[in-house]
1. Tell me, what are the semi-axes, in whole angstrom and largest first, of the equivalent ellipsoid of the protein assembly as shown as set by the roots of 5 times the Cα gyration tensor eigenvalues?
2. Once the Cα gyration tensor of chain B is found, what semi-axes does its equivalent ellipsoid get, as square roots of 5 times the eigenvalues, in whole Å, sorted largest first?
3. If one computes P(r) from the Cα atoms of segment A:52-114, what percent of pairs lie at distances over 16 Å?
4. Could you give the length gained by full extension between B:GLU139 and B:LEU100, i.e. 0.36 nm per residue of separation minus their alpha carbon distance, to one decimal place?
5. Could I have the simple spin-label model distance between A:HIS71 and A:ASP32, label points 7 Å from Cα toward Cβ, reported in nm to one decimal?
6. Using 0.36 nm per residue, how much length does the chain from A:ARG54 to A:THR130 gain when fully extended, once their Cα-Cα distance is taken away?
7. Determine the equivalent ellipsoid of segment A:2-139 by diagonalising the alpha-carbon gyration tensor, then write out the semi-axes as square roots of 5 times the eigenvalues, largest first, rounded to whole Å.
8. Which aspartates and glutamates does B:LYS155 reach when only Cα atoms under 20 Å apart count, and residues fewer than 8 places away in its own chain are ignored?
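Taken together, the values in this text are just the output of simple stated rules run on the coordinates, not laboratory data. Fair warning: this is a prediction, and the values are worked out from it, not measured in the lab. Using ideal geometry, Cβ is built from the backbone for each residue, glycine included, and neighbour counts are taken over all protein chains shown.
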Amino acid sequence: MRICEQMVVDAPAESVYGLYADLAAWKRVLPDVVDVEVHYMDAHRQEFSMTVERPGGLETVSGVRHLRAPHELELVQTTPPPGLAAMRGTWTFTPENGKTTVTASREFTLLDPDGDEQRFAEKLRGFLRTNLDLFRRAAEGERVH
Amino acid sequence: MTTSPTESPAVHENAVGTYDFRCVETLAIPRPVDRVYDALFRVTDWPRYLPHVEEIDVIYDDGQYQEFWMTVASETDGSPLRVRSIRNCRYRRIDFFQPLPPRFLRHHAGFWRFLPDSDGGCLVEVSHLWNLEPVVAAEVYPPTAGESTEQQVEKMLAGHSRLALESWRKVLTAEGARDADL
């Protein structure tokens, strides 16, 4: 199943992209991120593990990102969160009049083929909206300072 | 997910020059593009066709993204070499990188492109992109009067590319390849 969430950020695409691309920034921007471990990083590819706090306890996902500055981050979680068989997607950054529309697209497959996709999609949309807003605030704050 | 070769991210990669070194090798293989792509995509079949590949251990494969360990025969009669690869397989293109590169490389990535030629065959292009770990590279490949460390590494990677291309041409054009669904 595919879902999509968008948010406009009052900052140029290059700086917004840069914030999302910087794995070290995730721990600073997102309060639920406990740890980020970078296994490989060059200017176009990243492999990492990220541990986040969830109501059920800590969850660690592993993933790979393909970086296309300053337009797109393509991602796959090779170790997805519990309950998921697959999770992949993109962050895209569309500039317009000095602002940036950030679009988070995700495609996921539940481990349980009879699982409630709509329910998980709504939960995921909530996480994405929260993260988009936290990154928006960080990007706009960075611009001001 | 499909992306035409002209939209390839490699254009950006090479344009911004974030890898210090690159080598490109090409070879025409007289088989349809999709057949050639498919042979390189189906990583679990490699040990059946490529004699130097001893084992493939797939960690992740969702049809586009792949992560696997490949065990290859040693070039020096030592222990077999295990290499982890992460790939992004798209329309007529396979991007790859080695998250644990050999210690003389800081980064090692690249891509395969599969282009139709005028005879109904496939022009296969493989590019390697890398940054050196300079001190280690100079230890492993000490400069000589005739060749710098950088030249030796490039020669080695270009040689691997040519060997891979030749191996695939041999496999894909061998008698019985069509019957073997190659």
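1. 37, 24, 20
2. The three semi-axes for chain B are 27, 20, 17 Å.
3. Beyond 16 Å sits 57 percent of the P(r) for segment A:52-114.
4. Residue separation times 0.36 nm, minus the Cα-Cα distance, leaves 12.2 nm.
5. Spacing of the two 7 Å Cα→Cβ label points: 3.1 nm.
6. Result: 26.0 nm gained on full extension.
7. Computed over segment A:2-139, the values are 24, 17, 14 Å.
8. The qualifying aspartates and glutamates are B:ASP20, B:GLU25, B:GLU75, B:GLU125, B:GLU133, B:GLU139, B:GLU147, B:GLU166.
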